[in-house]
């Protein structure tokens, strides 16, 4: 694969931005439809249409100028802007349909050139004209962007000569031959195509508006500009300003030079009224040719940029370059696409997509600026500053223009963008740059924190298991990895808290990072940190105390009892401090051989309530046990069995009713209940088999009881203490 040469030609503001943008705006609509617009809307109506159209594109151009002076924009123009702001998925969802639509635009410009050519040489074969024009366009663009720019200099000279022909006609008196004064107001009679059955302001606006698009022509060359931060704003805004003046003056000349009937019925009125008609024909051919040239060069750069970012299949091929830095492979693919669309011979049905994808792109650029402005991040400090209302006007007007032009196709265009986004979001694209999404998510988190921090009570309905897992032995975490994941998945989180004395040779931090990444890969958010201390207990308790000031603080301390742990000196103080801080506690004790078994049944033991069987919002130390059991039930596809042991036979019916009510209020489907009238010791020794037994925990939970329960149930056990902020009934 040939690599990019360091001597690649870079373009300045005039050649790289101003010229292609101006030539795209001064297109075939100016020559062949502006007269019809004046004939329908009159001079004042036409001026209003021009002002509205250019106001929409100006706001977007200002937004684009702001964002391009704030980032290092690479190749791809609008695709690069949106990708660097909102990520490759969003950028690609715009870039792919925009690339295809620009290919369609090239075909339309070729067809427009052919119509102008056949107006001079009606006997020429239409398809042969199309093929020859395509071959010439592709040849110029394939050789280099430098040749394309030089060709555009020639074309802009031809267009300037056509304007001179118009000026000379006015000087010779064409503006005063037919009308004593300009056609100020139109009667919106319609067109030849609808037998002059009438139109309205917005129909005429929809016909004219595509003339004002094309402001991205220069930005598409972003990767080949000497100074894109300077050239894109300066060249684009100058092109808009110059073309606006040309349209306004030309509309005035038409309103003074022809009658209403002539303007409505003769699309070639400018040719006939000009001083030298052939120059106008040359201008029409030049305008369509230059627009096609700018589109084929720009679209290939978009495809190349998407190839560089691995957005598309065969990206390595698409990002290939010639020795002088030209995206030759992307150009070949683009040429094939254009030639295939040419074979359709009539693409009027999809033509509106071209304009509408432009407008979707404009809307998205404005959205990017709105997001950047409102996040208030210090990283947003553009050299080109705009008022906050500018992108809002650009966004609203772009969407408005879309649905004025064609509501049905607008909805189709938006759907296409969402479908492409849906596809790309599942491709695990690796973004080579940081985008604004991180700032956006942080801002949402800050907003949520500020609005919930002052609430007097924790939101029990929003409860999720956010575990803090102390770690000093990485193998211990690996052994319970599936168990932790099944407790937290899908919306909970796991914070790994490493505890160890300081050592430069320690590998614990890297090991925790790897485990944390594994949790995230498996669908559970995880983070980690290491506290350097000689004392395991103090490290955990200090961590718990420090995290009380955090908004996203853990609500459960998960303790994994292992052989080397000193229960009385280490774990009991942690349990005691967690209870004081109102943090839930899970003490997990694995059975040496059974481990978690087949994960089919979970026993939850409910203590004797001794004549207090009513269910209120406070059901004692039972909420967290049931919540954890329910989470495991879902992820294991297991069954829950509720077990209670009572001493008084007279309480049996009350106990059964309590369990039925608890299941109903807690919404626990397919839950088994068992009520035993016996001593707890005898029931445990003959307990129904389960893969995990869950017991309530008191502050003075003894080590002997813990080991005894594991032995007697012949299963792994989980001992649970509520924080007081959970509710299975919520």
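The values are calculated or read from the model by the stated rules, or taken from the named source; none is laboratory data. This structure is a prediction, so every number in the text was calculated from the model and none was measured. When we count neighbours, we look across all protein chains shown, and the Cβ atoms used for this are built from the backbone with ideal geometry, even at glycine.
Worth pointing out:
- Answer from 157, 223 - the residue that is in contact with a helix residue (DSSP H, G or I) (Cβ under 9 Å, 6 or more places away or on another chain) and either modelled with pLDDT of 80 or more or assigned to a loop (DSSP other than H, G, I, E, B) (or both): 157
- Filtered by the rule that a residue be more than 22 Å from residue 600 (Cα to Cα), touching a residue at least 40 places away in the same chain (Cβ under 8 Å) and either within 44 Å of the chain's Cα centre (by Cα) or surrounded by fewer than 15 Cβ atoms within 10 Å (Cβ to Cβ) (or both), region 622-658 gives a lone residue, 657.
- Within the option set 576, 538, 553, being free of Cβ contacts under 8 Å to residues at least 12 places away in the same chain and either not in a loop (DSSP other than H, G, I, E, B) or not assigned by TED's automatic domain parsing to the domain that holds residue 673 (or both) holds for one residue only, 538.
- Restricting attention to region 276-299, the residues that are in a helix (DSSP H, G or I) and over 17 Å from residue 108 (Cβ atoms) add up to 7.
- Of the helices (runs of 4 or more DSSP H) lying entirely inside region 425-516, those containing at least 1 residues that are modelled with pLDDT of 85 or more, more than 25 Å from the chain's Cα centre (by Cα) and over 30 Å from residue 308 (Cβ atoms) span 474-479, 481-488.
- Selection of region 321-343 for residues being farther than 24 Å from residue 10 by Cβ and in a loop (DSSP other than H, G, I, E, B) yields only 343.
- The residues of region 659-707 that are crowded, with 18+ Cβ neighbours inside 10 Å, in a helix (DSSP H, G or I) and within 51 Å of the chain's Cα centre (by Cα), listed by number, are 659, 662, 663, 666, 706.
- Scan of region 116-127 for residues that are within 18 Å of residue 343 (Cβ to Cβ) and in a helix (DSSP H, G or I), ordered by number: 126, 127
- Where residue 313 falls short, out of the listed (1) over 30 Å from residue 196 (Cβ atoms); (2) in a loop (DSSP other than H, G, I, E, B); (3) in contact with a helix residue (DSSP H, G or I) (Cβ under 9 Å, 6 or more places away or on another chain): (3)
- Residue in region 708-728 that is farthest from residue 608 (Cα to Cα), counting only those that are at pLDDT below 90 and surrounded by fewer than 19 Cβ atoms within 10 Å (Cβ to Cβ): 725
- Of the criteria (1) touching a helix residue (DSSP H, G or I) at 6+ places or on another chain (Cβ under 7 Å); (2) outside the structural domain of residue 653 (by TED's automatic domain parsing); (3) assigned to a loop (DSSP other than H, G, I, E, B), which one residue 564 fails: (1)
- No other residue among 250, 183 is in a helix (DSSP H, G or I) and crowded, with 20+ Cβ neighbours inside 10 Å apart from 250.
- Residue 629 assigned to a loop (DSSP other than H, G, I, E, B) and either modelled with pLDDT under 90 or within 18 Å of residue 619 (Cα to Cα) (or both): no
Residue by residue, here is whether (1) buried (at least 23 other Cβ atoms within 10 Å of the Cβ); (2) modelled with pLDDT under 75; (3) under 30 Å from residue 312 (Cα atoms) holds:
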residue: 48; (1), (2), (3): no, no, no
residue: 59; (1), (2), (3): yes, no, no
residue: 74; (1), (2), (3): no, yes, yes
residue: 79; (1), (2), (3): yes, yes, yes
residue: 82; (1), (2), (3): yes, yes, yes
residue: 85; (1), (2), (3): yes, yes, yes
residue: 117; (1), (2), (3): no, no, no
residue: 120; (1), (2), (3): no, no, no
